[in-house]
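Q: Please read through the structure below; I'll follow up with questions.
The values are calculated or read from the model by the stated rules, or taken from the named source; none is laboratory data. Bear in mind that the values here come from a model prediction, so they are computed numbers and not experimental data. In this analysis, Cβ positions are derived from the backbone assuming ideal geometry, glycine residues included, and neighbour counts consider all displayed protein chains.
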Amino acid sequence: MYWADELAAAASGRQVVNDSKSPSGTVHVGSLRGVVLHDAIYRALRQAGVEATFLYGVDDMDAMDSQAKLTPDAVEKYMGAPLSRVPAPEGSNAANYARHFVGEIFFRTFEPLGITPEFYWVSELYAAGRMDPYVKLALDRADRVRAIYLRVSHVERTSTWLPIQVICEQCGKIGTTYATDWNGVTVAYRCMPDLVSWAHGCGHDGRVSPLGGRAKLPWNLEWAAKWGLLGVTIEGCGKDLATAGGSRDRSDAISREVFEIEPPRNVAYEFLNVGGKKMSTSKGQGAAAHTIAEVLPPEQLRFLFLRPRPSQVIEFDPEGETIPRLFDEFDRIAAATAGREVKGELPADYERLFAYSLLGPASDVAAAAAAFRPAFAHLALLLQIPGVDIAERMEAEKGAPLTAFEAAILAERTASARAWLDSYAPERARLVIRHDAMPEEVAALDAGQRAYLAALASAAGAEKPGSGDAWQGLIFRVAADVELPSGRAFGALYTAFLGRTNGPRAGWLLASLEPAFVVERLRAAAAVAA
RNA sequence: GGGCCCGUAGCUCAACGGUAGAGCGGGGGACUCUUAAUCCCUAGGUUCAGGGUUCGAAUCCCUGCGGGCUCACCA
């Protein structure tokens with residue numbers, strides 16, 4: 001059974017699927033894995049007839065710890081402040097940095113993928129006092145929290161340490177304060193100049209109530225508190241958190257022993273690697289989510305994450321074969337789902353995989369599967385030949401007019417293929433007419449091929465073929481005249497113009513070039529000594 | 001050191017309890033019109049190693065070897 005369906009089958013009662021993200025920095029492709037995975041779980045639950053909701057939390061009480069998007073003068077002022085209190089970048093209408101991030105990054109990557117969770121803002125949970133019961137419990141049971149840190153993660157806290165991060169009343173920072181002495185109503189705190197390396201506190205000493213949004217729980221406690229408050233029953237996490245003794249173990253223990261609530265079911269998922277390395281914003285410049293989204297339509301992007309089991313690493317090299325192969329594999333699964341014969345082994349529940357890859361949960365799976373889809377690499381090639389009517393060619397390949405749905409797929413793939421050619425496509429996928437100089441590969445042509453090129457030059461000079469059809473006919477006729485197998489004839493042509501032994505339909509290629517240049521190049525190539 | 005994943009044809013990977021497959025590459029052939037298309041032939045691989053469970057294992061369990069990522073400060 002498909003992994004998401006298996007999960008759904010094991011669920012009983014109403015389910016709450018939750019995922020969250022700290023709204024700092026950019027989103028790279030890898031961080032989309034969790035989002036797509038949670039969406040698939042949510043859809044699987046609904047399909048299994050389980051009542052379910054899908055929540056997505058924005059951790060906007062987290063401290064600003066990435067200065068990439070701040071102007072230099074803002075760095076000193078806002079580094080360490082809660083993201084919900086950092087102003088949005090210049091030119092944005094958003095109320096604050098976190099809101100800007102959600103509007104600019106989240107909505108633009110989630111919505112096109114057909115993913116529409118209910119968003120919530122953690123800062124609002126605190127401000128409304130909804131987190132207060134958990135804040136109090138955590139402070140009352142600080143000894144238990146310290147014991148859990150020590151037992152689960154071997155992290156030793158001093159006996160005065162409290163699981164709370166106060167917002168400094170003087171400078172507004174949350175990442176720099178250290179709190180002690182909970183008396184049931186207030187805590188004492190100091191805003192430390194050097195508590196963390198990335199932000200500087202103002203040195204203020206104070207005493208404040210940690211309730212009502214004046215403080216936040218540290219990460220692991222906040223996670224567990226959200227589970228309790230929102231009734232979360234399923235929440236996966238990346239393997240960096242899921243490791244033994246790691247974040248998830250800590251939060252699970254806190255949930256059980258401090259808040260006395262059974263933690264949600266976990267689905268640990270692997271990363272998406274580029275070149276065998278974990279994606280990071282610095283390493284994966286070209287792999288930012290929005291960049292990849294230009295090359296991969298939503299359904300292929302969903303498919304990328306849904307095809308492997310969550311525990312499997314995804315190797316994604318946008319400059320390699322990954323992208324064209326992804327389209328081909330998608331098309332193969334679509335064909336199989338439509339009941340067509342397909343080569344190679346199929347995954348266990350390929351119809352489910354295909355259905356979950358579709359944009360809309362309510363999509364007509366059979367119709368989508370049966371639709372005509374142009375092969376990606378072939379389309380990319382055709383796009384590079386001047387004067388080709390893509391729509392016409394596709395109808396010819398399909399053998400019937402395209403439906404509106406198929407025309408939309410074609411348009412989508414055309415845009416993707418163009419973007420791919422502009423960005424990641426390897427050299428061998430690119431067609432470059434060697435206008436400036438004779439390709440050196442011409443030296444490899446044999447006598448028969450050179451004779452052919454010379455003969456074609458003469459024939460073309462005399463007949464002046466004006467269309468792709470005329471050229472193509474001439475190419476074959478001259479090949480027959482000099483008794484050269486057509487394959488070798490085409491090879492000679494591609495070598496002379498492209499420096500490679502194969503290429504697009506030669507007649508149309510030559511017809512798109514300057515006639516004088518074509519004849520000249522044919523003569524010159526024929527004259528090159530072996 | 002702990003955790004997870006991987007180790008299958010030259011390369012990339014699939015199959016995940018029932019006679020080991022595909023794509024690409026390579027080799028051979030067909031084609032007067034999709035020459036990166038289409039079609040046909042071609043890989044004889046101790047599925048890393050060793051043990052175990054089973055009527056039957058690449059597939060489950062244990063051990064070892066090799067590789068990758070990750071955690072151990074903060075979120």
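Q: Pairs, please: C-beta under 6 Å, at least 6 apart or cross-chain, first residue in contact (Cβ under 8 Å) with a residue 60 or more places away in the chain and in region A:172-196, second among the β-branched types (Val, Ile, Thr) and within 16 Å of RNA strand B (Cβ to nearest atom)?
A: Short answer, once both residue conditions are applied: A:ILE174/A:ILE167; A:GLY175/A:VAL196.
The rows are residues; the columns are (1) in a loop (DSSP other than H, G, I, E, B); (2) modelled with pLDDT of 95 or more; (3) among the aromatic types (Phe, Trp, Tyr); (4) touching a helix residue (DSSP H, G or I) at 6+ places or on another chain (Cβ under 8 Å).
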residue: A:ARG130; (1), (2), (3), (4): yes, yes, no, yes
residue: A:TYR134; (1), (2), (3), (4): no, yes, yes, yes
residue: A:ALA138; (1), (2), (3), (4): no, yes, no, yes
residue: A:ARG146; (1), (2), (3), (4): no, no, no, no
residue: A:LEU150; (1), (2), (3), (4): no, no, no, no
residue: A:VAL155; (1), (2), (3), (4): yes, no, no, yes
residue: A:SER159; (1), (2), (3), (4): yes, no, no, yes
residue: A:CYS171; (1), (2), (3), (4): yes, no, no, no
residue: A:GLY175; (1), (2), (3), (4): yes, no, no, no
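Q: Considering only residues of region A:177-187 that are in a loop (DSSP other than H, G, I, E, B) and in contact with a helix residue (DSSP H, G or I) (Cβ under 9 Å, 6 or more places away or on another chain), which is surrounded by the most Cβ atoms within 10 Å (Cβ to Cβ)?
A: A:TRP182
Q: Within region A:312-323, take every residue that is without any contact (Cβ under 8 Å) to a residue 60 or more places away in the chain and over 15 Å from the mean Cα position of the chain (by Cα) and give me the one that is farthest from A:ALA377 (Cα to Cα).
A: A:GLN312
Q: Another question, then. A:ILE333: in contact with a helix residue (DSSP H, G or I) (Cβ under 8 Å, 6 or more places away or on another chain) and more than 18 Å from A:LEU358 (Cβ to Cβ), yes or no?
A: no
Q: Moving on. Which of the residues belonging to region A:8-35 are surrounded by fewer than 22 Cβ atoms within 10 Å (Cβ to Cβ) and more than 29 Å from A:ALA81 (Cα to Cα)?
A: Of everything in region A:8-35, those that are surrounded by fewer than 22 Cβ atoms within 10 Å (Cβ to Cβ) and more than 29 Å from A:ALA81 (Cα to Cα) turn out to be A:ALA9, A:ALA10, A:ALA11, A:SER12, A:GLY13, A:ARG14, A:VAL16.
Q: Of the conditions (1) within 30 Å of A:LEU379 (Cβ to Cβ); (2) away from RNA strand B (no atom under 13 Å from the Cβ); (3) modelled with pLDDT under 80, A:ALA530 clears all except one; give me its number.
A: (1)
Q: So A:ASN220 clears everything in (1) at pLDDT below 95; (2) farther than 30 Å from A:ARG265 by Cα; (3) not hydrophobic (A, V, I, L, M, F, W, C) except one condition, right? Which one?
A: Failing condition for A:ASN220: (2).
Q: When you scan region A:410-428, do you find a residue that is over 26 Å from A:PHE316 (Cα atoms) and in contact with a Lys or Arg (Cβ under 8 Å, 6 or more places away or on another chain), even just one?
A: No, there is no match, as no residue in region A:410-428 is over 26 Å from A:PHE316 (Cα atoms) and in contact with a Lys or Arg (Cβ under 8 Å, 6 or more places away or on another chain).
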